[in-house]
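**Student:** Structure in structure tokens, see below.
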Amino acid sequence: MGEHLLALCVVGLDRGPFGRDHKIFKWAPYPYDERRERDMTTKAAFTPEEWTVVLEGPPTAGMIVITAAHGGMVRETIAMSKAFAEARAQHGESELLDEIVAAKPHVDHTRYHSPEELKEHGLGHLRDAAALLESKATPQERDDYQHFVLTLASKVAAAHKEHGQAVSPAEAAAIQEITAALGAAGS
């Protein structure tokens, strides 16, 4: 932190020959934004148990949508994988989100005996993830996580038409409940 980079900065203008302006440059210390580095949240900010909660949030939301209506499970599962791949392609926008999407999506769906039980526990799981992010992540990282989870849920819902509708009423209701669990506003 004691090291400072130098940057070439424009410090003024000089009227040159023929009436043209010329920029005056000077080497100056590059402004080191210590706050930016401190505000970046990574996996290291979480205990292993907390990290598991955060990691399982997106695939849990996908599973809630998949089980909301009958049919299309294969297409919807592929849509969930594609959502992770697309998020990986946007690498670098959020270090926290990069770490989340780099991990293999996993939800132990066998511990639930019905779609209702999956939904009930899954929504609680999403509330826990949102609370963790509220306490440990920056507001932007929290918003990015919510956006990713809701985008994933929407892509899963749209992957299979139900009765001629792109998104069934049951899937739309599931997305609304996921939105509420995350504490996301109007997504």
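The values are calculated or read from the model by the stated rules, or taken from the named source; none is laboratory data. As the structure is a prediction and not an experimental result, all values here were calculated from the model. Here the Cβ positions follow ideal geometry from the backbone for every residue, glycine too, while neighbour counts run over all protein chains shown.
**Student:** Is at least one residue of the range 61-74 under 14 Å from the mean Cα position of the chain (by Cα) and either crowded, with 19+ Cβ neighbours inside 10 Å or at pLDDT 90 or above (or both)? First the steps, then the outcome.
**Tutor:** Initial filter on the range 61-74 (under 14 Å from the mean Cα position of the chain (by Cα)): 61-62.
Next, only the ones that are either crowded, with 19+ Cβ neighbours inside 10 Å or at pLDDT 90 or above (or both) stay: 61-62.
Yes: the range 61-74 contains one or more residues that are under 14 Å from the mean Cα position of the chain (by Cα) and either crowded, with 19+ Cβ neighbours inside 10 Å or at pLDDT 90 or above (or both).
**Student:** Sticking with this one: Select from the range 87-120 the residues that are closer than 25 Å to Ala45 by Cβ and part of a helix (DSSP H, G or I) and list them in ascending order.
**Tutor:** Initially, the range 87-120 is screened for residues closer than 25 Å to Ala45 by Cβ, giving 87-108.
Ala87, Arg88, Ala89, Glu95, Leu96, Leu97, Asp98, Glu99, Ile100, Val101, Ala102 - these are the residues of the range 87-120 that are closer than 25 Å to Ala45 by Cβ and part of a helix (DSSP H, G or I).
**Student:** Residue by residue through the range 155-174, note down the ones that are crowded, with 20+ Cβ neighbours inside 10 Å and out of contact with any strand residue (DSSP E or B) (no Cβ under 6 Å at 6 or more places or on another chain).
**Tutor:** Of everything in the range 155-174, those that are crowded, with 20+ Cβ neighbours inside 10 Å and out of contact with any strand residue (DSSP E or B) (no Cβ under 6 Å at 6 or more places or on another chain) turn out to be Val156, Ala157, Ala159, His160, Val167, Glu171, Ala174.
**Student:** Is there a residue in the range 91-112 that is of a type in the set (Gly, Ala, Ser), modelled with pLDDT under 85 and more than 17 Å from Leu182 (Cα to Cα)?
**Tutor:** The answer is yes; a qualifying residue exists.
**Student:** Being under 15 Å from the mean Cα position of the chain (by Cα), free of Cβ contacts under 8 Å to residues at least 40 places away in the same chain and part of a helix (DSSP H, G or I): is that true of Ser135 here?
**Tutor:** The answer is no for Ser135.
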